[in-house]
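Below: the structure, in structure tokens.
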Amino acid sequence: MPLKLIPPREGKSPYWSVRGTYLRTYVDRSTKASDRPTAAKVLKLWKEEIERGTFAKPDEPTFLDAAVNYMAETGNERFVQPVVDHFGQQLLSEITQQAIDQAAVKLYPEGTAQTRNRQVHTVVSAILKHAGVDGKLKRPKGWRGSKRTDWLKPDQAFRVFKAAGKIDEEFEIFLTTLCYTGMRLTEALTMMVDQVEMKESFAYVRESKNDDPRGVYLPPVVIAALKRHPRGLDRRGQKVFRFTKCGRLYSLMAAVKKATGPDVSFLTFHIFCHTYATWMRRYAGLDKTGLVATGRWRDEASVARYTHVVASEESQRATLLPVEKPWKRRSSSAKSLTRKAS
């Protein structure tokens with residue numbers, strides 16, 4: 001029997017499987033894909049691997065298996081397809097540092113170190129860690145680039161919120177929450193309704209980037225936004241926001257940027273973190289110690305980049321420096337004109 005796609009069996013498995021024989025190679029294996037189009041891609045890839053003689057044994061984990069599991073459980077598909085096309089049925093044990101570096105160059109020959117890191121190293125690392133493969137991955141040289149700390153001016157932020165509201169009301173509330181709480185993207189995406197205490201203006205983040213749970217203050221503007229949540233917050237056990245870290249989320253952001261105007265072309269989700277810090281420095285008057293005390297950052301070294309967003313009290317003493325009196329300059333000019341006229 002040639003290779004065929006077998007639909008999921010109710011009560012047993014949610015995944016499509018492949019069964020049959022191709023070039024004397026028998027296959028009876030789950031694709032780990034719950035939809036037919038993805039399963040069909042897996043089938044095609046397996047046939048190509050059989051033709052090349054590189055089809056892995058069923059009991060050996062492959063990169064494709066790990067990638068499919070990763071996407072199914074996290075919902076994150078961003079930048080995954082190119083690395084899946086590259087590594088395919090390659091065994092996880094064969095995904096070495098050298099193999100990843102070579103893949104980055106091959107997939108993005110004109111890409112910067114930041115691009116290769118974001119779209120290859122970071123993606124492969126996440127898939128491997130999800131599959132239980134430990135090991136420190138070296139990033140391409142120069143991947144950090146130059147640190148820039150862009151932020152939104154108030155009028156820009158307000159226009160972003162307005163544009164988002166016209167496209168998707170829940171997305172507007174989501175961006176408002178990011179901007180006024182300083183939450184990281186993953187923190188906001190995974191926040192559960194049970195973690196929000198509207199009357200207390202409080203949200204509890206169980207896991208942060210620093211691995212420390214923390215409380216988040218919800219200012220009045222966020223409370224007001226959450227109160228008009230289109231699906232309400234009477235949904236115990238569910239996430240506050242319906243979004244996942246996938247292509248759809250970034251498409252929404254792209255649409256908002258386009259609708260807002262070219263002056264926010266730099267906007268990313270992390271820009272809202274920078275905006276929160278900058279506004280807390282410029283308008284709320286917090287110094288480095290105060291920013292750390294919010295719980296958003298672990299130490300003062302992490303917030304040092306925001307010291308330049310305000311003029312220090314010491315620098316403002318420049319108003320005491322000697323200057324020439326304006327009336328003297330005008331007087332000298334008048335005398336000069338008088339001499340020329342005579």
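How large is the Kirkwood hydrodynamic radius of the stretch 1-53, counting all unique pairs of alpha carbons, in Å?
Value: 11.1 Å, from the Cα pair sum.
Of the residues D85, D65, the one with the fewest other Cβ atoms within 10 Å heads the list, and the complete ranking is D85, D65.
For K4, go through the aspartates and glutamates and keep the ones whose alpha-carbon is under 14 Å away, minus same-chain ones fewer than eight residues off. Partners found: D28.
Take the alpha carbon gyration tensor of the stretch 154-309, find the square roots of its eigenvalues, order them as a ≥ b ≥ c, and report rounded if a/c is under 1.5; if not, report prolate when a/b exceeds b/c, else oblate. The shape class here is oblate.
Stokes-Einstein diffusion for the stretch 28-77 at 25 °C, viscosity 0.890 mPa s, with a Kirkwood radius from C-alpha pairs, works out to 214 µm²/s. Taken over the stretch 154-309, lysine pairs spaced eight or more positions apart, or on distinct chains, with alpha carbons under 25 Å apart number 19. Ordering F272, F266 by the number of other Cβ atoms within 10 Å of each residue's own Cβ, fewest first, gives F266, F272. Normalising the Debye intensity of the stretch 224-305 to I(0), with uniform scatterers on Cα atoms only, and taking log10 at q = 0.16, 0.17 Å⁻¹ returns -0.93, -0.99. Ordering L178, L107, L320 from the fewest to the most neighbouring beta carbons within 10 Å gives L320, L107, L178.
In square nanometres and to one decimal, what's the mean projected area of the convex hull around the Cα atoms of the stretch 56-146?
5.9
Here is the P(r) of the chain: all C-alpha pair distances, binned every 10 Å from 0, give 5, 18, 23, 22, 15, 8, 4, 3, 2, 1, 0, 0 in whole percents. The stretch 31-79 and the stretch 165-195 have their alpha-carbon centroids 33 Å apart.
Put a dot 7 Å past the Cα of D234, heading toward its Cβ, do the same for M198, and the two dots end up 0.9 nm apart. The relative contact order of the chain comes to 12 percent, based on Cα pairs under 8 Å that sit 6 or more residues apart.
Any read-out appearing in this document is the output of simple, stated calculations on the displayed coordinates, not a laboratory observation. Keep in mind it's a predicted model, so treat the numbers as computed, not measured. Virtual Cβ from ideal backbone geometry, glycine too; neighbours counted across all protein chains shown.
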